[in-house]
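Note sheet for the following structure.
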Amino acid sequence: MTDSSVTTRAVIVSAKGAARWLAGHPWIYRTDIYDESRDAPAVVTVTDRRGRHLGQALYSPSSEIRLRLLTTGREPIDATWWTDRIAAAARRRAGIPATAYRVVHGEADGLPSLVVDRYGPYVVAQLLSAGLEQVRADVLDGIGAALAPEGILLRNDTTVRRHEGLPLEVVLARGTVPDTVSMEEAGVRYLAAPRTGQKTGAFLDQRENRVLVGEHTGAGRALDLFTYHGSFALHLARRAGEVVAVDSSAEALARGRENAALNELTNITWREANAFDLLRDLVRREELFDTIVLDPPAFAKSKQSVPRALAGYKEINLRAMRLVAPGGVLFTCSCSYHVSRAVFLDMLGDAARDAGRRLQLLAVTGASRDHPELLNVPETGYLKGALLRAVD
Ligand SMILES: C[S@@+](CC[C@H](N)C(=O)[O-])C[C@H]1O[C@@H](n2cnc3c(N)ncnc32)[C@H](O)[C@@H]1O
């Protein structure tokens, strides 16, 4: 099926805009558009001012990111095109040892503004630009043909859609998707909530980090701060004597309890608390843990908020460092795109000095391999983690 909105018409871009594409970044901003027609279709042909063909792009009439490059070719962008690209992305994930993983990571997979997550036989997708929204039928056909899921749920309730003038909504687009889906990673089973859970139901980007931290978990006490539905806690609980799992969301913790039961783990205590307050309290009581995980939400939502965010990161890291038992490990991370890996590591160095702890840097990590970072597109990388061991 071909969507009727896909009739190409030229948008003309400046030399600076064209240079961005040549450098491998798929976005062209409003300020680099030389000429556009306001009623341009969802997919437009793009040329430079001399009329030279540059490619075809998704068009977003009211967004600062006006064009997102799909192809430098002239081929029809129809359901078959989407099928081929999604199938190629799926082939790149062959052999991932989990039942839930990201199949399409937007720009990094050459499919800008599209997220496709697989949860066993179900797909949860996000259409994050106005152009993509208009070719929804072709994209859904492409997902259907490439992945043959039993159902496709659109979690189009993420706030970035507001920049595109799009409504926030959760829509069952094809087949059936249950309220809870089961997933498995490295022998740990979870129930995730694709309709009501955070992101598309689970933080799939931390999968490999959860396995890594599980392997470094000691036999003593463990603390999982910002646990969500017990994601790290379940891995820790397989080795630790006891685990304290903390989150501010009662709904996430309720699923955490169910997940613990599903894995027959009885050594996790679930605490609904503000992690900032709890950390202060634990330090005051001079408690110690052999394994600590710190996985807060993004504190820096914009460039302007970075200084404040860094103060928050330093506060929780400094306290967590005081709580690590000698020989114990701390896995700490940030999913703020605006806080670079270098700045994050600098902040950790400051916190270690202020805490007076000697910490070995055992590993610096990113997101799991199904969320690849495209070097040309820094926006595709946001998650950074550090595995530290206390050696004093
Ligand atoms: C990045 S997610 C954690 C993901 C989880 N570690 C995983 O691997 O699936 C951040 C979590 O922090 C929780 N949260 C946000 N602010 C909090 C706070 N001040 N105290 C405790 N939990 C908080 C959210 O409910 C969310 O579950």
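Bear in mind that the values in this text are calculations on the coordinates, not laboratory data. Predicted model, so just to flag it, every value in this text is computed and none were measured. All Cβ positions, even for glycine, are placed from backbone atoms using ideal geometry, and neighbour counts span all protein chains on display.
Using alpha carbon coordinates only, what is the Rg to Rh ratio of the stretch 79-175, with Rh defined as the Kirkwood radius?
With Rh from the inverse mean 1/r over Cα pairs, Rg/Rh is 0.94.
Looking at the chain, what % of its DSSP beta bridges pair antiparallel, to the nearest 5?
Of those bridges, close to 65 percent are antiparallel.
With the contact rule set at Cα under 8 Å and sequence spacing of 6 or more, what percent relative contact order holds for the chain?
Reported relative contact order: 11 percent.
Net charge within 9 Å of A355 by Cβ-Cβ distance, Lys/Arg positive one each and Asp/Glu negative one each, not counting A355 itself?
Net local charge, A355 excluded: +3.
Assuming 0.692 mPa s and 37 °C, estimate D for the stretch 253-392 with Stokes-Einstein, Rh taken as the Kirkwood radius over Cα pairs, in µm²/s.
202 µm²/s
Using Cα pairs under 8 angstrom and six or more residues apart, how large is the relative contact order of the stretch 181-390, in percent?
Dividing the mean separation by the residue count of the stretch 181-390 yields 18 percent.
Enter the angle in degrees (range 0 to 90, nearest 10) between the Cα long axis of helix 136-147 and the first principal axis of the Cα atoms of the chain, meaning the one along which they spread out most.
Tilt relative to the chain: about 60 degrees.
For the stretch 10-71, take the alpha-carbon Rg, divide it by the Kirkwood Rh, and send me Rg/Rh.
Rg/Rh: 0.90.
Give the average over all directions of the projected area of the C-alpha convex hull of the chain, one decimal, in nm².
Reported value for the Cα convex hull: 18.9 nm².
How many angstrom lie between the C-alpha centres of the stretch 27-60 and the stretch 125-180?
24 Å
Gap in Å between the Cα centre of the stretch 315-392 and the Cα centre of the stretch 238-302?
Between the Cα centre of the stretch 238-302 and that of the stretch 315-392, the gap is 18 Å.
Lysines within cross-link reach of K16: Cα-Cα under 25 Å, excluding same-chain residues under 8 positions apart?
Reachable lysines: K303.
All other residues with a Cβ under 15 Å from the Cβ of K303 taken together, and with Lys, Arg as +1 and Asp, Glu as -1, what is their net charge?
With Lys, Arg at +1 and Asp, Glu at -1, the neighbours total 0.
With the cut-off at 21 Å, report for the stretch 198-304 the share of all Cα pairs above it, as a whole percent.
32 percent
Please compute the contact order of the stretch 10-71 in relative form: average sequence separation of alpha-carbon pairs under 8 Å and at least six residues apart, divided by the residue count, as a percent.
RCO, the stretch 10-71: 37 percent.
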